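The values are calculated or read from the model by the stated rules, or taken from the named source; none is laboratory data. If you're wondering where the values come from, they're calculated on a predicted model, not measured in any experiment. Neighbour counts run over all protein chains shown; Cβ positions are idealised from the backbone, glycine included. SASA here: full protein model, heavy atoms, side chains in, ligands and nucleic acids out. Shrake-Rupley method; radii C 1.70, N 1.55, O 1.52, S 1.80 Å.
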Amino acid sequence: MPKYQSRPAPVETGFEGIALYPGLLDGPAQKALITELSAALETEKPYRPHMPRTGKPWSIHQMNFGELGWVSRPDGYAYSSTNPVNSRKWPAIPPALLALWELVADYPAPPECCLVNLYDTPKSRMGLHRDEDEAALDAPVVSLSLGDTCLFRVGGFARGDKSGSFRLASGDVLVIGGPSRLRYHGVDRIIHGSSRLVPGGGRINLTLRRVTKPV
Ligand code: MD3
Ligand code: FE
């Protein structure tokens, strides 16, 4: 649950449309969310995705909440209403995360997807990519970091453009929208052991996304 009912001013990131709210979730709110997530991920086991075509395994585990989940398939990336591992619908987005979207997204419809990325080894990372599988590109992506700090990279609109990096720590919320929505970005590395929040260590990133255009 966010500790604010109206949001504080974001910190300047140097990128128009990317707002950083350091520590928007305080310690107790982070712990409450971890307790809720741990229970959910007990029944709905995170899985290791594989790259389309090459089949190369990712260095992270993933899961989804919501009406639509983001999945990596042999033929490409897609949004799916069911978990490919068990063919069941994804669990509902936890209410605390819906409240977070309400607080920071400035969007007239709720998120449909909450992608869970588990950086569960010191070597876990995410290569530079763009998030472009959503039809509602006018909606922001809202990202919440929990656990170990990461070094996050943001680039331009072509893969080789110059990029900058900053750290994302536990409780930090990043809102990516407007002219930056299609920027390249990735997670260079995890600062192993920088937080004790996640049982067993590591970093959890939750991204809230609107996938379809609201009617
Ligand atoms: C900047 N996840 O799941 S979230 C992803 O920390 C993803 O797990 C990263 O990139 C993670 O697709 C970063 C923050 C984020 C999300 C979307 C962006 C930053 C972004 C889109 C454009 C620019
Ligand atoms: Fe992304």
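Excluding ligands, DNA and RNA, the accessible surface per residue across the chain is 49 Å² with a 1.4 Å probe. Using C-alpha pairs below 8 Å separated by at least 6 residues, the relative contact order for the chain is 25 percent. Partner lysines whose Cα lies under 23 Å from the Cα of Lys45, excluding those fewer than 8 positions away in the same chain, are identified as Lys31, Lys56, Lys89, Lys123. Among the trypsin sites (Lys or Arg not before Pro) in segment 158-215, those located in a DSSP loop and surrounded by at most 16 other Cβ atoms within 10 Å of their own Cβ are Arg159, Lys162, Arg196. Test of understanding: extend the Cα→C-beta vector of Asp138 to 7 Å, then name every residue of segment 74-115 with backbone N under 15 Å from that spot. So the set is 106-110.
On the protein heavy atoms, probe 1.4 angstrom, tell me the percent of accessible surface of segment 18-209 carried by carbon and sulfur. That fraction is 55 percent.
Among the trypsin sites (Lys or Arg not before Pro) within segment 9-88, those in coil by DSSP and having at most 15 neighbouring Cβ atoms inside 10 Å are Arg53, Arg88. Remark: the chain carries a charge dipole of roughly 640 debye about the Cα centre, counting +1 on each Lys and Arg Cβ and -1 on each Asp and Glu Cβ. If you keep only loop residues by DSSP, which GluC sites (Glu not before Pro) in segment 64-171 have at most 15 other Cβ atoms within 10 Å of their Cβ? Answer by residue number: Glu132.
Overall size of segment 1-99 from C-alpha positions, given as principal axis extents largest first: 43, 34, 23 Å.
Looking at Pro91, Leu115, Tyr184, which one has the Cα that reaches farthest to the positive end of the dipole of segment 84-199 (charges on Cβ: Lys, Arg +1; Asp, Glu -1)? Final value for the positive-end residue is Tyr184. Pairwise inverse Cα distances across the chain, averaged and inverted, put the Kirkwood hydrodynamic radius at 17.4 Å. The distance linking segment 90-164 with segment 45-61 is 18 Å (Cα centroid to Cα centroid, whole angstrom). Taking the empirical scaling 2.2 N^0.38 Å for compact globular proteins as reference, segment 69-131 has a Cα radius of gyration ratio of 1.33. As a length-normalised measure over Cα pairs under 8 Å and 6 or more apart, the relative contact order of segment 1-53 settles at 31 percent.
With Cα atoms as the point set, segment 115-215 shows a radius of gyration and Dmax of 13.9, 45 Å.
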